[in-house]
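Chemist: Before we start, here is the structure in question, set down as C-alpha cells.
The values are calculated or read from the model by the stated rules, or taken from the named source; none is laboratory data. Fair warning: this is a prediction, and the values are worked out from it, not measured in the lab. We place every Cβ from the backbone using ideal geometry, glycine too, and count neighbours over all the protein chains shown. For the accessible areas, the whole protein counts, side chains as well, though only heavy atoms, and no ligand, DNA or RNA atoms are used. Shrake-Rupley method; radii C 1.70, N 1.55, O 1.52, S 1.80 Å.
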Amino acid sequence: MLQQFPMYAYIPAKDLARAREFYEKKVGLRPKQEQNGGAVYESAGGTACFLYPTPNAGTSQASQAFWSVKDVDGLITALKARGVVFEDYDMPGDRSPAGAVIAGGGKAAWLKDSQGNIMALLEH
C-alpha cells in the first residue's frame with residue numbers, strides 16, 4: 001500500500017547550526033528550503049531528508065539513513081579529505097583499500113554526523 005509513495009528520512013539535531021555546517025560543508029548537501037525550524041535537503045531520484053531540531057539526536061545505535069552510491073571507496077577518500085570521520089565496526093567480511101566492509105556482494109561504510117547520528121554509504 002505505502003510502497004507507491006516516496007519515503008523521506010528524518011535526521012535529528014540537538015545543535016542545528018552545527019549539524020547544518022556538517023551536512024552542508026563536509027558532506028556537501030545544499031538545503032532546498034527551511035521549514036519548521038529545520039532544513040530540507042533533496043537528493044537523487046526525488047528523495048530527501050529533513051534535518052530537524054530535537055533533544056533526542058544521536059541516541060539511536062543504528063543507522064539513521066544511507067546513501068546508495070557507485071564508488072564507496074572514492075567517496076570515503078573524498079569525505080575524509082573534508083574532515084569526515086568514518087566508524088570502524090568489528091564486522092565479518094573483508095575490507096576495501098579505503099576501509100569499507102565488503103560482504104554480501106557490496107561494500108558499506110559508516111560515519112557519525114556532528115550530532116552522533118550514524119549514517120551509511122552502501123555500494124551494491
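Chemist: Of all residues in the range 57-72 being hydroxyl-bearing (S, T, Y) and either open to solvent by 80 Å² or more (accessible area, probe 1.4 Å) or in contact with a Ser or Thr (Cβ under 7 Å, 6 or more places away or on another chain) (or both), which is nearest to G106 (Cα to Cα)? Reasoning before the result, please.
Modeler: Keep residues of the range 57-72 that are hydroxyl-bearing (S, T, Y), which gives 59-60, 63, 68.
If we keep only those that are either open to solvent by 80 Å² or more (accessible area, probe 1.4 Å) or in contact with a Ser or Thr (Cβ under 7 Å, 6 or more places away or on another chain) (or both) as well, we get 59, 68.
Numbers: T59: 27, S68: 11 Å.
Going through the qualifying residues, I end up with S68.
Chemist: Counting residues that are free of Cβ contacts under 8 Å to residues at least 40 places away in the same chain, in contact with a strand residue (DSSP E or B) (Cβ under 6 Å, 6 or more places away or on another chain) and more than 25 Å from Y10 (Cβ to Cβ), which strands (runs of 3 or more DSSP E) fully inside the range 31-109 reach at least 1?
Modeler: The qualifying strands (runs of 3 or more DSSP E) are 101-103.
Chemist: So, in the range 2-30, exactly how many residues are part of a helix (DSSP H, G or I) and among the charged types (D, E, K, R)? Steps first, please.
Modeler: Of all residues in the range 2-30, those part of a helix (DSSP H, G or I) come to 2-4, 16-26.
Applying the additional criterion that residues be among the charged types (D, E, K, R) yields 18, 20-21, 24-26.
Count: 6.
Chemist: If A120 satisfies all but one of (1) of a type outside the set (D, E); (2) open to solvent by less than 10 Å² (accessible area, probe 1.4 Å); (3) touching a helix residue (DSSP H, G or I) at 6+ places or on another chain (Cβ under 9 Å), what's the number of the condition it fails?
Modeler: The number of the failed condition is (3).
Chemist: Look at the range 78-117 and say how many of its residues are more than 24 Å from E24 (Cβ to Cβ) and open to solvent by 40 Å² or more (accessible area, probe 1.4 Å).
Modeler: Qualifying residue count for the region: 14.
Chemist: Checking the condition touching a Pro at 6+ places or on another chain (Cβ under 6 Å) and not small (G, A, S), which residue from T59, T54 passes?
Modeler: On the way: T59 fails: touching a Pro at 6+ places or on another chain (Cβ under 6 Å).
Among T59, T54, only T54 is touching a Pro at 6+ places or on another chain (Cβ under 6 Å) and not small (G, A, S).
Chemist: Please work out which residue is modelled with the highest pLDDT, limiting yourself to the range 1-56 and to residues that are small (G, A, S) and open to solvent by 80 Å² or more (accessible area, probe 1.4 Å).
Modeler: Applying the first criterion (small (G, A, S)) to the range 1-56 yields 9, 13, 17, 19, 28, 37-39, 43-46, 48.
Remaining after also requiring open to solvent by 80 Å² or more (accessible area, probe 1.4 Å): 44-45.
Numbers: A44: 93, G45: 90.
That would be A44.
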